[in-house]
Every structure is written in C-alpha cells, then in structure tokens.
Amino acid sequence: MAIYVFSLLAGFAPNGVDYAQGYRAKILHRLSCPVRYLFAELPERRDINFYKELGIKEEDMFSMCHYLLDHHTLRPTVEVKDKLAELMKNMGHVHMDCQDSEIRLLKDGETAAVLVPVPDDREHLLCIHYFSRGQRICTETYTDRLAYTDYYAAAKPEQGVSAGRIRRAYYHKDGSVAYEQIYTGERSWYLFPDGRVLTKTGFIEEFMKKLDLSEQDIVLIDRFAQFDYVQPLFRWKQKARFIAVMHAGHYFEEGESAYTVNFNQDYNYLFKYSGMLDTIVVSTQQQREELIEKLQEYRCRIPDIRVIPAGSVEKLRYPDTNRKPCSMVSVSRIQWHKKIHWLVESAVKAHQVNREISLDIYGSGSNDYIKMMRDMTEKYEAQSYIRFMGHQDVTEVYKNYEVFLTASTFETLGLSIMEAVSSGTAVIGLDVKYGSRLLVHPGENGYLIDFEPDNVEEGKIVDDLAKKMIEIFEDQGRLEKFHEQSYRIAEGFSSRAAEEKWERLLQGTP
C-alpha cells in the first residue's frame, strides 16, 4: 500500500493548506505509512525547503516531471568540485571567479559557464548555465545526476525579442532523452522518443498510467481547482481509495456580505466529483453537518465524511520566564481578508487607555497591505508598540505573549489559534465559524466579539476589540486563569487523538 498526496505547491505563496499538510505528515510518519507527496509542477529548491521545514521528508517528495524518468529523486547529490574539475578539463584554459552564490568560468575574457551550488548546501550542484557571446544558451539542472536541460533562444534586442526558453530535455540515468518539453508561448507540448506528442493533460495521463494505482493504494487530495491533474486523476483512479480533505467551507448565499464571501473553486470541484470520492475529511462537526446539507441541496452523492482536525497539538508549551505584560500577538498570512488592520486600529485605541499594551504582528503576504498598515502605525505614531515581525518560525513564540489576536472573518479550524491556545495564550477574536468557537470559550480563555456578516460595522468592531483588549489586562488573576484554561482546551486536540482517527480511516474502519 502507498499513499499519494496531491499536491504540493510550486511557485505559489504558502497558505493554511500547506501547514495542515505538515501536521498530517508527522502523523502519517508515526503511523509508518509509505507516503509520496507529489508536485504537479517542477519545484524549485525554495519550494522543497519550505515543505521540509513543515516536516515532509525530501525523499518522500516527487515531481510528476521526474516520475517518468528512471531516477525520481529531487535531492541534488552531484558534487560541485567534481563537475568543476570536469568542466575545466574539457574547456581548456579558463579563469575561475568564485563568488558568494556562484562560480563563474571565463574564457577569452567572456563568461562561458556559471556553476550554481545549492543555496543551503554549497558542496552540491544545483545547475550550470552555459553562455555564448554573452547570451545564455542552455542550463543543466542536477539531482543525483543530470536531470534536465533548458535551451534558450538568443535575444534580438533590435527586434524587441528577449531570450526565452524554447525546449527542455529530461534524461534517464544513462543520459538518453526520456522526453522533451517544447514551449510555444504560454503552452507546452511533450515529445516522446516513440513519436508521441502530448498535451499537458495527456502528459499527466501518462504519469497516472505509470503510477498504476491498485486497490491497496490511497490518494489524498488537498487541492482541486485550477490544477491540470484533477480530470486525469479521476479518469485513472482505477480501484484506489480516494480521500478528499476539505480545508474550508466556502459556501456563500445570494446577497451575502463581501466580508464573509471567501469562495474557493476547490469545493466546486469537490461537489462535482463527490460521486467518485470514498471519503471527505473535514475539521469540525459543524462543518460536516453543513457539508451534508449542501450535498443534499445540490443532489450530490454523500460519501463517508470524517471529522479529523487539520491540525493537532504535539505538546503544551510553557514560557521559560514570565510572559511580557500586556503583550498581544497576531500570526497569519498578511492578506486583506484577515482584517489585521482592524487589530492595528484597535490596539491604537486600547493603548490610549493602557500605555503598556503592545502588539507584534508575525507573517508575510501582500506587500501593499503591509505598507498600508505600516503607514497607519506611522500616522498614529504607534511604531514603538506595534511591530511588524515578518515571517518567522513561531513555534516557540506564542508562549511569550499574554494574548493572541485574530480578526479573521472565517476560520475552518484556525491553526494559529490552536497553536496559541496550546501555548496557554488567551485569545480575542470574532465570533465566526468554525474553529474560533471550538478553541475560544468566552469568559474562560478569552473573548469573542459579536460579528454579523450581513451587518458589518467596521467602527463598532474596532471599538469592541479595543474594549476587550483593555478589559483582558485589567485583572491579572483572571488572565492567568484564561491561560490555564487555554492549556486545558488544547489537550482536546492532541496529536494522539488525530493519529487514531487517521489510522482508522486508512485502515478502512469506522
């Protein structure tokens, strides 16, 4: 039996789905499940490193593009020194210029080749760029050997033509061409040695044939929309079990407020293919009930629907020293729908009453949105107590703060809320479905602000958030009880409980 996970993202900003995959990867590893995590596109090293940081092992990651070769690994193991010696021998007299991120070889005063080591591993080779008369003509990319070569058309500035990739050749172990990819504008075609010419869909079907799924295999689908693999995947599913993980609700009603419409095409596809799914996994019981209702409404087949939270608590984390007094923290993607600017405005108002109040904002995302909030803090002269911390590993960060803040108008589970609660942090947020209501018990470990999707008054929300920020720090004894209750709530989301649910699902037991 093997589990195939579709799919890891290449070239996109990470989101909650990726972090949920990281939580699940640790559980599947403990269950000793053979798992293959698949990139639908060719990943770059930063994509691979991101998922490694989440806990997915590099040897378990595969790309569809590499899977049709007779060597599948994505890990670069060719040593720079060996390839450098080979090039210098073959190219004759060259001058070597070693720089921080590359080794440049010059012949007759012009760049002939540039060796690029792996950014986080200087001993191993990532790629080699070759040049002729100042223009790049091809790039070789390496894993455990030469994996593929990109060929470029020469730039013709006088005709307004820039250098561009026109062909990519993939290689087997013996150096023979496995297949080629020809680029024509925004489209590409796949040429095989036997003369076949395939579209992207045809190429993915070729990949699915090579997978040769059996009734012992399980396919986990985290993403549906805008990915070319969806139709071929269902066409060639054969007898494998298909499990779709629904990471959000994303239903909307006619006339619904723009504040709560967060529709994702993923779930349009999920409804379309519900008849071919064996199981759908959701994070909360309320989400399960609403999904059943919607499937019935649209007359779709209702498969087995399991409740397994997208995240879980490995352990409770306690502060090494006292938490910083009157400290608040926000952790999320910096996107408009997270409404972090409401938190900034509220913190400014609360600080006017309690001068000890501070807010640190962790995360990355929309540069325009970040700039808007930075401008806001400058306008209110709040830079001394509202700080933008950027993207960091926040695993050990929450425990240093007294209160976690969120103004998101929709959270399926709320992984950052769960992480905060597992660090004993009190929470102030909006009373929205689903996870906030599970993880925040008003008056016990924090406060939830009334939120009416059909009647959103930003000014009132900001005022209500500010009032709760002031109130929560007025009674230190009560705040300490909030911290204790957060730990108790977090115990109900233990990794062991999630592990048992996944084990039963994978074994096919209720």
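The values are calculated or read from the model by the stated rules, or taken from the named source; none is laboratory data. Only a predicted model underlies this, so the values are computations on that prediction, with no experimental measurement involved. Note that we place each Cβ from the backbone using ideal geometry, even for glycine, and neighbour counts take in every protein chain shown.
In region 13-54, what residues are β-branched (Val, Ile, Thr) and in contact with a Ser or Thr (Cβ under 7 Å, 6 or more places away or on another chain)?
Matches in region 13-54: Ile27 only.
Looking at region 326-356, which of its residues are modelled with pLDDT of 95 or more, more than 21 Å from Val421 (Cβ to Cβ) and among the β-branched types (Val, Ile, Thr)?
Val344, Val348, Val353
For Arg504, state whether it is in a helix (DSSP H, G or I), modelled with pLDDT of 95 or more and loosely packed, with under 14 Cβ neighbours inside 10 Å.
When the stated conditions are applied, Arg504 passes them.
Among the listed residues Tyr369, Tyr380, which satisfies the condition of being over 21 Å from Met469 (Cα atoms) and hydroxyl-bearing (Ser, Thr, Tyr)?
Unique residue meeting the criteria: Tyr369.
Considering Ala466, Ala497, which residue is within 23 Å of Ser416 (Cβ to Cβ) and surrounded by fewer than 17 Cβ atoms within 10 Å (Cβ to Cβ)? Walk me through how you get there before you give the answer.
Working: Ala466 fails: surrounded by fewer than 17 Cβ atoms within 10 Å (Cβ to Cβ).
Of the residues listed, the single one that is within 23 Å of Ser416 (Cβ to Cβ) and surrounded by fewer than 17 Cβ atoms within 10 Å (Cβ to Cβ) is Ala497.
Only one of these conditions is not met by Arg323: (1) more than 24 Å from Lys460 (Cα to Cα); (2) modelled with pLDDT of 95 or more; (3) within 29 Å of the chain's Cα centre (by Cα). Which number is it?
Checking Arg323 against (1) more than 24 Å from Lys460 (Cα to Cα); (2) modelled with pLDDT of 95 or more; (3) within 29 Å of the chain's Cα centre (by Cα), the one that fails is (3).
Determine which single condition Lys26 fails, assuming it passes every other condition in (1) in contact with an Asp or Glu (Cβ under 9 Å, 6 or more places away or on another chain); (2) of a type outside the set (Ser, Thr, Tyr); (3) buried (at least 20 other Cβ atoms within 10 Å of the Cβ); (4) under 30 Å from Ser364 (Cβ atoms).
(3)
Restricting the search to region 128-143, which residues are farther than 24 Å from Ile48 by Cβ and touching a Phe, Trp or Tyr at 6+ places or on another chain (Cβ under 7 Å)?
Matches in region 128-143: Ile137 only.
Conditions: (1) touching a residue at least 60 places away in the same chain (Cβ under 8 Å); (2) closer than 24 Å to Ile182 by Cα. Val118 meets all but one. Number of the miss?
If we test Val118 against (1) touching a residue at least 60 places away in the same chain (Cβ under 8 Å); (2) closer than 24 Å to Ile182 by Cα, just (2) comes out false.
Quick check on Val80: is it at pLDDT 95 or above, among the aliphatic types (A, V, I, L, M), in contact with a Pro (Cβ under 6 Å, 6 or more places away or on another chain) and farther than 30 Å from Ser366 by Cα?
Criteria met by Val80.
Please go through region 349-381 and pick out each residue that is among the β-branched types (Val, Ile, Thr) and either part of a loop (DSSP other than H, G, I, E, B) or free of Cβ contacts under 8 Å to residues at least 60 places away in the same chain (or both). Let's see the steps before the verdict.
Quick first cut of region 349-381, residues among the β-branched types (Val, Ile, Thr) only: 353, 357, 361, 370, 377.
Passing the criteria: Ile357, Ile361, Ile370, Thr377.
Using the structure shown, decide if Tyr179 is closer than 23 Å to Phe6 by Cβ and not assigned by TED's automatic domain parsing to the domain that holds Leu277.
Yes; evaluated as a whole, the condition is true for this residue.
Scan region 134-146 and give yes if some residue there is outside the structural domain of Tyr51 (by TED's automatic domain parsing), surrounded by fewer than 17 Cβ atoms within 10 Å (Cβ to Cβ) and over 35 Å from the mean Cα position of the chain (by Cα), otherwise no. Can you show your working first?
Keep residues of region 134-146 that are outside the structural domain of Tyr51 (by TED's automatic domain parsing), which gives 134-146.
Checking which are surrounded by fewer than 17 Cβ atoms within 10 Å (Cβ to Cβ) leaves us with 134-135, 137, 144-145.
After this cut, where a residue has to be over 35 Å from the mean Cα position of the chain (by Cα) as well, the list is 134-135.
Yes.
Quick one: how many residues across region 36-53 are in a loop (DSSP other than H, G, I, E, B) and out of contact with any Cys (no Cβ under 8 Å at 6 or more places or on another chain)?
Qualifying residue count for the region: 3.
Out of Lys315, Lys237, which single residue is within 27 Å of Gln507 (Cβ to Cβ) and at pLDDT below 85?
Criteria check complete, one pass: Lys237.
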